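The structure under discussion appears below in the form of structure tokens.
The values are calculated or read from the model by the stated rules, or taken from the named source; none is laboratory data. Being a predicted model, the structure only gives us computed values, none of them experimental. A quick note on method: Cβ atoms are made from the backbone with ideal geometry, for glycine too, and the neighbour counts reach across all protein chains shown.
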């Protein structure tokens, strides 16, 4: 335990001891001085802080100081009533501060009580209640604002985490201050009761036990009681003032003194008006110009000085700003910053700003958050922050999506319309603006809200503009997910897996496979829309086969076969027949014969006429399946699967190519077409 911790514990124990153990008057005097010093330090600290959270310990400190002050009251009361003395400090305040006049002392004490209890404490209590309520009410909005900034790329994940923690701490702080303000109120009430007890019982004890007359007892004990009351109310007043400053303090870049002088004297011309008013007050009233003249002159001089310094500061700021702009243009860092490319960017024309503006009912930022979460669960990949910005170079209703600086999607939206897609190819049942659904290329129409209900009744799929663009973004990110996983992202996934499976990770990397080798396998899986969320199975497979080969193509094939249950569930519905197009023996033999083996890996080399024949056959089968509204899935033997995919992905990028080993044995497969040459 550190010295600081020990000192705090000892202090709390001493406070409790004060309530039960009699302290000598000289020790009480020292403790009273310490109490006043602590109160003054707390007040100065609150005046110097820039925001309330810089003094987050204040509620707990307020409780301890209140308990300390009440302990002193109990000890001084015991000393006054038992021995007729309260220590040097109490006697000094009773005689010197109030001039030895009991009535004056009582009046001063009552005024202090009124100031503290009715003015400061009552106001601080009310402000604490309001601040706590409004802080809690504002929490959801602040959290949404943080998420919006994070999604827009304005802040990093670490900054977002720090801001969320700060919001939570603010709520805890103001909630604690709401309760702590009751300590101050209770302390003021306790001070009044203690003074009344001291006076009444002091007179009784003085008369019955010490043989004093009623006048002597009243004078002696009242003087000590007033001294004790004032000596306790002064630090109480300082603490009450500090409480008021804490709960009324708004976050700023300077302390209280800086803010007061900066804002109060922000308009020097107003000081001339105040100076003239004070001067006229001395001229036209009996107050006299001798009293008001110096003050008016001081105000006028202050106004002149502030005006002059303000102009000089503006000139200096302009010069410094110009120099900073020139230095920035000259510095190499300004050019380096331009080289940064955001992983994902979403740009839109000014006509689509309401989509992203929460004040206009836009929820695009919230949808982006949900898209990132959905894709993380679906693909097993942490999607980077999507930077959202408006672009005046685009058409008003136009948007585009970029991945690593390259445009991957583009479209137009009509915000006051809905996108309606017909259940049948022929679409003449409702009126609308002809268009194409951007995600899947289906024919659609933009319809007005007036015919939305009619379209629903006719079986149309009706979607609002925000959902259209959200779906488009989701599908394009899925399509290009393999471009978003680099070595850095792979290292993050490895580190996350290592927390739970350290032995497995150590067996795979850095030997026999590097981070780059693993990244290639993960990217190839994502390119064919295979989720990498099951990293444990993927790494188990890499641990088994990584010692035999580092060829990413072969490792990917082994991994796909290990993920057979996942791939089967992705394409085959439970208790349903999986309909596929198979490759003929001639096609598989031609591809197997066309594989060229080199020291740098294997690649496919086919005669052009054979390639064209295979592509035409696949296109024919896909067209027939499309007419029957069935999904095309190509099934072939394991040795040639990756080469078939390499051959066809340029022409049919979304065509799934599976091998027999990637399907579970209990799945019923039906061939509804054959690719032949």
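Determine, yes or no, whether residue 287 is touching a helix residue (DSSP H, G or I) at 6+ places or on another chain (Cβ under 8 Å), at pLDDT 75 or above and not in a helix (DSSP H, G or I). Yes. Counting only helices (runs of 4 or more DSSP H) wholly contained in the stretch 442-497, the ones carrying 2 or more residues that are in contact with a helix residue (DSSP H, G or I) (Cβ under 9 Å, 6 or more places away or on another chain) and buried (at least 18 other Cβ atoms within 10 Å of the Cβ) occupy 465-479, 481-484. Collect the residues in the stretch 412-429 that are under 21 Å from residue 345 (Cβ atoms) and out of contact with any helix residue (DSSP H, G or I) (no Cβ under 6 Å at 6 or more places or on another chain), keeping them in residue-number order. Scanning the stretch 412-429 gives a single hit, 412. Within the stretch 16-46, the set of residues being in a helix (DSSP H, G or I) and buried (at least 18 other Cβ atoms within 10 Å of the Cβ) comprises 18, 25, 28, 29, 31, 32, 35, 38, 39, 42, 43, 46. Give 200, 214 a once-over and let me know the one that is in contact with a helix residue (DSSP H, G or I) (Cβ under 7 Å, 6 or more places away or on another chain) and loosely packed, with under 15 Cβ neighbours inside 10 Å. That would be 214, the only listed residue that is in contact with a helix residue (DSSP H, G or I) (Cβ under 7 Å, 6 or more places away or on another chain) and loosely packed, with under 15 Cβ neighbours inside 10 Å.
Once the stretch 24-44 is narrowed to residues that are in contact (Cβ under 8 Å) with a residue 24 or more places away in the chain and under 33 Å from the mean Cα position of the chain (by Cα), the residue that is farthest from residue 13 (Cα to Cα) is 43. Taken over the stretch 176-233, the criterion of being under 17 Å from residue 78 (Cα atoms) and assigned to a loop (DSSP other than H, G, I, E, B) is satisfied by 209, 210. In the stretch 616-630, the residues that are within 16 Å of residue 677 (Cβ to Cβ) and assigned by TED's automatic domain parsing to the domain that holds residue 670 form Cβ pairs under 9 Å with partners that are loosely packed, with under 14 Cβ neighbours inside 10 Å and modelled with pLDDT of 90 or more, at six or more places apart or across chains, as follows: 617/674; 621/674. Here residue 505 meets each of (1) in a helix (DSSP H, G or I); (2) closer than 26 Å to residue 369 by Cβ with one exception, condition (2).
Scoring residue 579 on the criteria (1) touching a residue at least 24 places away in the same chain (Cβ under 8 Å); (2) assigned to a helix (DSSP H, G or I) leaves a single failure, condition (2).
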